[in-house]
1. Look through Asp67, Asp76 and report the one residue that is under 30 Å from Gln286 (Cα atoms), modelled with pLDDT of 90 or more and surrounded by fewer than 17 Cβ atoms within 10 Å (Cβ to Cβ).
2. Residues that are at pLDDT 95 or above, over 30 Å from Gln29 (Cβ atoms) and either surrounded by 15 or more Cβ atoms within 10 Å (Cβ to Cβ) or among the hydroxyl-bearing types (Ser, Thr, Tyr) (or both): does segment 212-220 have at least one?
3. Can you tell me which residues in segment 168-191 are among the charged types (D, E, K, R), modelled with pLDDT of 85 or more and in a strand (DSSP E or B)?
4. Looking at Arg60, is it farther than 12 Å from Ser147 by Cβ, touching a residue at least 40 places away in the same chain (Cβ under 8 Å) and more than 17 Å from the chain's Cα centre (by Cα)?
5. Can you tell me which residue within segment 125-167, out of those that are at pLDDT 90 or above and of a type in the set (Val, Ile, Thr), is surrounded by the most Cβ atoms within 10 Å (Cβ to Cβ)?
6. Pairs needed: first member in segment 256-274, closer than 26 Å to Asp224 by Cα and touching a residue at least 12 places away in the same chain (Cβ under 8 Å); second member anywhere, in a loop (DSSP other than H, G, I, E, B) and hydroxyl-bearing (Ser, Thr, Tyr); C-beta distance under 9 Å; at least 6 residues apart or different chains.
7. Take Gln227 and decide whether it is within 19 Å of the chain's Cα centre (by Cα), among the polar types (S, T, N, Q) and modelled with pLDDT of 95 or more.
8. Inside segment 1-49, can you point out the residues that are free of Cβ contacts under 8 Å to residues at least 60 places away in the same chain and closer than 13 Å to Ala176 by Cβ?
Amino acid sequence: MALDLQPLSSASRILFAVELAPLQGQRFQPTGFPNLGPALYSTAIGQSLLLESAQSMANRLEATCWDATKQDLVGDLLGLSHVRVTRKGEFLTDTVLESHRINSPYLLEGRDKKFADLLKKQLSTFEACPIDRAKLAATLLRFDVGSLLHGAFLAKKELAGGRLRIPRAMSAFIEADGVQVAASGGVKNDHVNPSGAAKDGFGNVPFARDEFTAQRITFFANIDLAQIRGYGLGEATTKMLTLLALWKLRTLLDGDLRLRTACDLEPKSRNIVASRPEGFALPSKQELAPALRQAIEACKDKMVVTTTTFEDELSRGRGDDEGEGEAGE
């Protein structure tokens with residue numbers, strides 16, 4: 001039976017709120033932020049916690065698309081556009097894996113300028129005029145379709161002065177409400193030299209550990225259908241992007257929600273119904289996969305898989321303390 005997307009035809013957003021629970025027990029390990037730790041805040045219903053940020057969830061949604069064994073898209077998604085990067089003849093990375101997608105330094109900052117020059121040529125008409133969003137969207141569709149859902153910001157001044165932006169059309173985050181600290185601890189045992197110098201990694205070292213419990217954990221997802229239609233890419237591409245967003249969401253929720261060492265979650269129900277449009281049920285993977293394959297086939301002439309190289313030396317710096325960590329580890 002064909003998948004019916006008619007309920008979405010007049011909707012501007014698809015909004016889901018999916019209740020989660022720890023896979024075992026009641027405790028979970030929160031995300032942690034540099035110089036902040038767990039993101040606790042007060043709301044009208046008490047103390048809440050940002051369990052997983054929109055940035056992290058965007059990358060987890062992208063990870064559903066990738067087969068790490070084959071270093072390629074999973075079978076359902078073959079034919080979608082993306083950019084592969086090789087180094088010394090071996091696979092290095094891909095826009096699917098890069099946090100900033102097509103704005104990756106491995107595409108734009110290396111000595112090999114072929115892809116950067118190609119992109120600049122495609123977007124050169126924007127250098128001294130307003131951004132034509134439809135043409136920008138068509139360029140991203142051709143080279144890296146995932147950017148149209150994940151978002152893109154081409155910050156290089158050589159590319160229209162760094163003005164090329166696409167906000168996320170698909171976003172998600174996880175919140176926990178009614179949270180309380182579950183304090184515990186332990187000892188790192190050294191059976192050889194229990195009284196050794198802890199600063200050098202020896203000896204028995206006691207430690208404290210803070211996990212949390214919650215009255216409710218909720219996964220929120222937002223698919224901006226108005227933005228997807230606003231790309232002006234035609235009915236077939238709009239359908240493909242909508243199906244791709246639904247496929248990513250269903251794959252994530254059906255798969256592994258082990259976010260950290262001690263944060264392993266699962267939906268309380270596999271029957272997931274949107275709050276907007278009211279009553280729209282998230283289709284199963286078995287329904288989405290064949291519909292998405294047909295949609296990709298209908299758009300195949302608009303997309304290419306590109307391979308470029310990055311042959312620069314990989315410098316080893318300290319890096320910036322950005323992003324999320326494993327609080328309490």
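The values are calculated or read from the model by the stated rules, or taken from the named source; none is laboratory data. The structure displayed is predicted, hence computed values, not measured ones. For neighbour counting, all protein chains shown are included, and Cβ atoms are generated from backbone atoms with ideal geometry for every residue, glycine included.
1. It is Asp67.
2. Among the residues of segment 212-220, not one is at pLDDT 95 or above, over 30 Å from Gln29 (Cβ atoms) and either surrounded by 15 or more Cβ atoms within 10 Å (Cβ to Cβ) or among the hydroxyl-bearing types (Ser, Thr, Tyr) (or both), which makes the answer no.
3. Glu175, Asp177
4. So Arg60 does not fit the description; no.
5. It comes out as Val145.
6. If the second residue must be in a loop (DSSP other than H, G, I, E, B) and hydroxyl-bearing (Ser, Thr, Tyr), the pairs left are Arg270/Ser284.
7. Against the criterion (within 19 Å of the chain's Cα centre (by Cα), among the polar types (S, T, N, Q) and modelled with pLDDT of 95 or more), Gln227 qualifies.
8. Of everything in segment 1-49, those that are free of Cβ contacts under 8 Å to residues at least 60 places away in the same chain and closer than 13 Å to Ala176 by Cβ turn out to be Ala39, Tyr41.
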